[in-house]
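The values are calculated or read from the model by the stated rules, or taken from the named source; none is laboratory data. Here the structure is a predicted model, which means the values were calculated and not measured. Cβ atoms come from the backbone with ideal geometry, glycine included; neighbour counts cover every protein chain shown. SASA here: full protein model, heavy atoms, side chains in, ligands and nucleic acids out. Shrake-Rupley method; radii C 1.70, N 1.55, O 1.52, S 1.80 Å.
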Amino acid sequence: MILKIHQIQQIVTALQKEEVVGLPTETVYGLAGRIDSEVALKKIFAVKERPFFDPLIVHVSNVSQAQELVFEWPAIADVFTQAFWPGPLTLVLKKNNKINNLISSGLETVGLRWPRHRLTQMVLEELGVPVAAPSANKFGKTSPTTAEHVEGEFATIQPPIRILDGGACEVGVESTVVWVQGSQFSILRHGQILQRDLERALQERGVDFEYVAHIDAKHSPGHMKHHYMPSVPMYLFSEEKFSEATMSEGAVALDLSANPIEAARQLYSEMRRLSEQNPSCIYFIKKPHHHTEDWAAIIDRLTKASTKVSE
Ligand code: TXA
Ligand code: MG
């Protein structure tokens, strides 16, 4: 059930009543439930058919709300939040006991983010309690970037889930997830905010840091080989490996803008639009310019969404 801005109070009331709702963010739409309700948290996992080992991101409405949920707030976290919040950046920090184990999947850390979408900020401010919100798609499937995508994804759920319409998402891929401990940090999931952006912010403020390139996988659960998958098979080719002769009739190409910011905005809606044509497969051809850091988030999603990768 898609609700418009003038019905925003219904969204707040549903959250107050421990229901889950669809919320727009600048990255992708989230399926939100209040963090102080185990009932709501369990609904998130049930509706998404998500396994409990995959931790949820907590969405806050200001920095102090985030600070109240963690055991420590290193100088690096100060820099990152001043530079990039509200925005598409999730910080993974040592949690305190206000974080339910359902959120953190038994880890000692919690992912925190202050989203930039004004409608969701209004909901969070009115509610006064942070919400846990994974992307509003069935587990392993393509993330939603419009309210209609969310409605389609959960069409069979009864009673219907209320979704706040905030238009098409501005960023289009999920937030950059950054693990922070003391003076170290590491990127666990690529997004629009890049390693060079994070390092520049630290350098500008004269804060010492060490970038950890290959962090132990135990810090980063929920990173399955396959994820973001559309309803038809997807293939990723390098230019050298692609030959039109090997593609069956009825295969369609995913074409994205040459500008990575624009391409991210197109990615999931194009994957959904092409799937609806029910082709035998969707293929994407990886070009030399896709190897730069600016494309890391998009190539990561495409690789995980593909059943076959030939490079
Ligand atoms: O942009 C986003 O981050 C969106 C919007 C809705 O905010 N949310 C999102 O949530 O992408 P989700 O559940 O689809 O992805 C959450 C991922 C987990 O799978 C995991 O990889 C990482 O974030 N994560 C969350 N908490 C973590 C933690 N404590 N330690 C390590 N990784 C964590
Ligand atoms: Mg997701």
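With the requirement that a residue be open to solvent by less than 30 Å² (accessible area, probe 1.4 Å) and either free of Cβ contacts under 8 Å to residues at least 40 places away in the same chain or charged (D, E, K, R) (or both), what does the stretch 262-299 give you?
Hits for the stretch 262-299 are Ala263, Lys286, His290, Trp295, Ile299.
Which of (1) polar (S, T, N, Q); (2) outside any helix (DSSP H, G or I); (3) in contact with a helix residue (DSSP H, G or I) (Cβ under 8 Å, 6 or more places away or on another chain) does Ser269 not meet, given it meets every other one?
The single condition Ser269 does not satisfy is (2).
Give me a count of the residues in the stretch 53-64 that are assigned to a helix (DSSP H, G or I) and either touching a strand residue (DSSP E or B) at 6+ places or on another chain (Cβ under 6 Å) or within 20 Å of Thr176 (Cβ to Cβ) (or both). Give the steps one after another, and end with the answer.
Residues of the stretch 53-64 that are assigned to a helix (DSSP H, G or I), as a first pass: 63-64.
Those left that are additionally either touching a strand residue (DSSP E or B) at 6+ places or on another chain (Cβ under 6 Å) or within 20 Å of Thr176 (Cβ to Cβ) (or both): 63.
Final tally of qualifying residues: 1.
Would you mention how many residues in the stretch 1-43 are open to solvent by less than 40 Å² (accessible area, probe 1.4 Å), part of a strand (DSSP E or B) and either modelled with pLDDT under 95 or β-branched (Val, Ile, Thr) (or both)?
1
Any residue in the stretch 129-142 that's over 20 Å from Cys169 (Cα atoms) and in contact (Cβ under 8 Å) with a residue 12 or more places away in the chain: show its pairings with residues that are more than 9 Å from ligand 2 (Cβ to nearest atom) and among the small types (Gly, Ala, Ser) at Cβ separation under 9 Å, as long as the two are six or more apart or on different chains.
Val129/Ser37; Pro130/Ser61; Pro130/Ala66
Take the residues in the stretch 102-116 that are outside any strand (DSSP E or B) and open to solvent by 10 Å² or more (accessible area, probe 1.4 Å); name whichever of them is farthest from ligand 1 (Cβ to nearest atom). Break it down into steps so the answer makes sense when it comes.
As a first pass, look at the stretch 102-116 and keep what is outside any strand (DSSP E or B): 102-108, 114-116.
Then keep just the ones that are open to solvent by 10 Å² or more (accessible area, probe 1.4 Å); that gives 102, 105-108, 114, 116.
Numbers: Leu102: 12, Ser105: 7, Gly106: 10, Leu107: 5, Glu108: 8, Trp114: 10, Arg116: 10 Å.
Ranking the candidates gives Leu102 first.
Test of understanding: among Pro144, Pro86, Pro134, which residue is under 27 Å from Val180 (Cβ atoms) and either in contact with a Phe, Trp or Tyr (Cβ under 6 Å, 6 or more places away or on another chain) or aliphatic (A, V, I, L, M) (or both)? So that I can check it myself, show each step before the final result.
Numbers: Pro144 fails: under 27 Å from Val180 (Cβ atoms); Pro134 fails: either in contact with a Phe, Trp or Tyr (Cβ under 6 Å, 6 or more places away or on another chain) or aliphatic (A, V, I, L, M) (or both).
Testing whether each residue is under 27 Å from Val180 (Cβ atoms) and either in contact with a Phe, Trp or Tyr (Cβ under 6 Å, 6 or more places away or on another chain) or aliphatic (A, V, I, L, M) (or both) leaves just Pro86.
For the stretch 144-156, check the following and say yes or no: at least one residue is within 12 Å of ligand 1 (Cβ to nearest atom), out of contact with any helix residue (DSSP H, G or I) (no Cβ under 9 Å at 6 or more places or on another chain), touching a residue at least 24 places away in the same chain (Cβ under 8 Å) and not small (Gly, Ala, Ser). Break it down into steps so the answer makes sense when it comes.
Start the filter on the stretch 144-156 by keeping residues that are within 12 Å of ligand 1 (Cβ to nearest atom), which leaves 144-145, 150.
In the following step, the residues that additionally are out of contact with any helix residue (DSSP H, G or I) (no Cβ under 9 Å at 6 or more places or on another chain) were identified as 150.
In the following step, the residues that additionally are touching a residue at least 24 places away in the same chain (Cβ under 8 Å) were identified as 150.
Adding the requirement that they be not small (Gly, Ala, Ser) leaves 150.
Checked the stretch 144-156: at least one residue is within 12 Å of ligand 1 (Cβ to nearest atom), out of contact with any helix residue (DSSP H, G or I) (no Cβ under 9 Å at 6 or more places or on another chain), touching a residue at least 24 places away in the same chain (Cβ under 8 Å) and not small (Gly, Ala, Ser).
Identify all residues within the stretch 117-136 that are within 16 Å of Gly87 (Cβ to Cβ) and near ligand 1 (Cβ under 10 Å from one of its atoms); write none if there are none. Reasoning before the result, please.
Taking the stretch 117-136 first, the residues within 16 Å of Gly87 (Cβ to Cβ) are 117-121, 124, 133.
Scanning the stretch 117-136 gives His117, Thr120, Ala133.
Would you pick out the residues in the stretch 72-97 that are out of contact with any Gly (no Cβ under 7 Å at 6 or more places or on another chain), part of a loop (DSSP other than H, G, I, E, B) and more than 14 Å from ligand 1 (Cβ to nearest atom)?
Across the stretch 72-97, the qualifying residues are Glu72, Trp73, Asn97.
Among the candidates Trp73, Trp85, which residue alone is of a type in the set (Phe, Trp, Tyr), closer than 23 Å to Glu125 by Cβ and open to solvent by 40 Å² or more (accessible area, probe 1.4 Å)? Explain how you work it out, then say what you get.
Numbers: Trp85 fails: open to solvent by 40 Å² or more (accessible area, probe 1.4 Å).
Answer to the selection: Trp73.
Please state which one of Ser257, Ser269 is touching a Ser or Thr at 6+ places or on another chain (Cβ under 7 Å), modelled with pLDDT of 95 or more and under 25 Å from Glu26 (Cα atoms). Walk me through how you get there before you give the answer.
Values: Ser257 fails: touching a Ser or Thr at 6+ places or on another chain (Cβ under 7 Å).
Exactly one of Ser257, Ser269 is touching a Ser or Thr at 6+ places or on another chain (Cβ under 7 Å), modelled with pLDDT of 95 or more and under 25 Å from Glu26 (Cα atoms), namely Ser269.
What tally of residues in the stretch 183-218 results from selecting those that are in contact with a strand residue (DSSP E or B) (Cβ under 9 Å, 6 or more places away or on another chain), outside any strand (DSSP E or B) and surrounded by 12 or more Cβ atoms within 10 Å (Cβ to Cβ)?
From the stretch 183-218, those in contact with a strand residue (DSSP E or B) (Cβ under 9 Å, 6 or more places away or on another chain) are 183-195, 197-199, 202, 209-215; that's our starting set.
Restricting the remaining residues to those that are outside any strand (DSSP E or B) gives 183, 190-195, 197-199, 202, 209, 212-215.
Next, only the ones that are surrounded by 12 or more Cβ atoms within 10 Å (Cβ to Cβ) stay: 183, 190-195, 197-199, 202, 209, 212, 215.
Residues flagged as in contact with a strand residue (DSSP E or B) (Cβ under 9 Å, 6 or more places away or on another chain), outside any strand (DSSP E or B) and surrounded by 12 or more Cβ atoms within 10 Å (Cβ to Cβ) within the stretch 183-218 amount to 14.
Considering every residue within the stretch 131-147, establish whether at least one is open to solvent by 10 Å² or more (accessible area, probe 1.4 Å), of a type in the set (Ser, Thr, Tyr), in contact with a Cys (Cβ under 8 Å, 6 or more places away or on another chain) and over 27 Å from Leu198 (Cβ atoms).
Yes - at least one qualifying residue is present in the stretch 131-147.
So which of Ile44, Ile11 is in contact (Cβ under 8 Å) with a residue 40 or more places away in the chain, within 16 Å of ligand 2 (Cβ to nearest atom), under 23 Å from Ser143 (Cα atoms) and out of contact with any Ser or Thr (no Cβ under 8 Å at 6 or more places or on another chain)?
Values: Ile11 fails: within 16 Å of ligand 2 (Cβ to nearest atom).
From the options Ile44, Ile11, the qualifying one is Ile44.
Residues of the stretch 242-261 being hydroxyl-bearing (Ser, Thr, Tyr), free of Cβ contacts under 8 Å to residues at least 24 places away in the same chain and open to solvent by less than 80 Å² (accessible area, probe 1.4 Å), which ones?
Within the stretch 242-261, the subset hydroxyl-bearing (Ser, Thr, Tyr) is 243, 246, 248, 257.
From what's left, free of Cβ contacts under 8 Å to residues at least 24 places away in the same chain: 243, 246, 257.
Residues satisfying the conditions are Ser243, Ser257.
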